[in-house]
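Here's the structure, in structure tokens; my notes come after.
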Amino acid sequence: MNKSNLDNRTITIQRTFDAPLALVWKAWTQAEHIAQWWSPKGIITKVVEHNFTVGGKWKYIMPMPNGQEFIAEGEYLEIEEHKRIVSLANFKPMTEGVEIQAFFKANGDKTDFTFNVVHPTEAYKIQQEKMGIMNGWGSVFDRLDALLKNQINNT
């Protein structure tokens, strides 16, 4: 992906999850966990493909209330265990041709998390912001946070 004007093309979300790094990593890398959080509230995610290796493909389908399907798919570019996951991604029909970057860092018994969505152009990034990308990912990460808390409480 073109590295020029990277800051102008990137949307960043940062969170601290009240869960240990190993648990957050597991939630991000295992299909049975992804199916429980990778969608807005009230939507069920069906993991169609999940080949968690560099060059591996992933595809998740979410049926929307209007009957259409929202398809998230991509290819893993970089995986550094417990540190980062970088992937090409399409979120059809709304977002295509982006790179998503997830960075994980242990912070005691918590996990600092940074998520970047790198767009091909600054104009595309601005369009995505206007469409509510921050709220969309925010609600997904709220579900991830709830899943992590539930798993901690049930151990």
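A short reminder: the numbers here are calculations on the coordinates, not readings from a lab. All values derive from a computational prediction rather than experimental measurement. A quick note on method: Cβ atoms are made from the backbone with ideal geometry, for glycine too, and the neighbour counts reach across all protein chains shown.
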Practice prompt. Test Asp145 against the criterion of being charged (D, E, K, R), in contact (Cβ under 8 Å) with a residue 24 or more places away in the chain, over 17 Å from Ala72 (Cβ atoms) and in a strand (DSSP E or B), and give yes or no.
Written response: no
Checked Glu129, Glu69, Glu96, Glu49 against criteria (of a type outside the set (A, V, I, L, M, F, W, C) and under 15 Å from Thr29 (Cβ atoms)); the one match is Glu49
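Just to check your reading of the model, which residue among Ile61, Ile79 is without any contact (Cβ under 8 Å) to a residue 24 or more places away in the chain, farther than 19 Å from Leu6 by Cβ, surrounded by 14 or more Cβ atoms within 10 Å (Cβ to Cβ) and within 15 Å of the chain's Cα centre (by Cα)?
Working: Ile79 fails: without any contact (Cβ under 8 Å) to a residue 24 or more places away in the chain.
One residue alone meets the criteria, Ile61.
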Among residues of the stretch 19-35 being in contact with a helix residue (DSSP H, G or I) (Cβ under 9 Å, 6 or more places away or on another chain), within 29 Å of Gln128 (Cα to Cα) and touching a residue at least 24 places away in the same chain (Cβ under 8 Å), the residue surrounded by the most Cβ atoms within 10 Å (Cβ to Cβ) is Val24
Determine whether the stretch 105-122 contains at least one residue that is surrounded by fewer than 14 Cβ atoms within 10 Å (Cβ to Cβ) and either of a type in the set (Val, Ile, Thr) or in contact with a strand residue (DSSP E or B) (Cβ under 6 Å, 6 or more places away or on another chain) (or both). yes
Subset of the stretch 123-136, residues buried (at least 18 other Cβ atoms within 10 Å of the Cβ) and of a type in the set (A, V, I, L, M, F, W, C), comes to Ile133
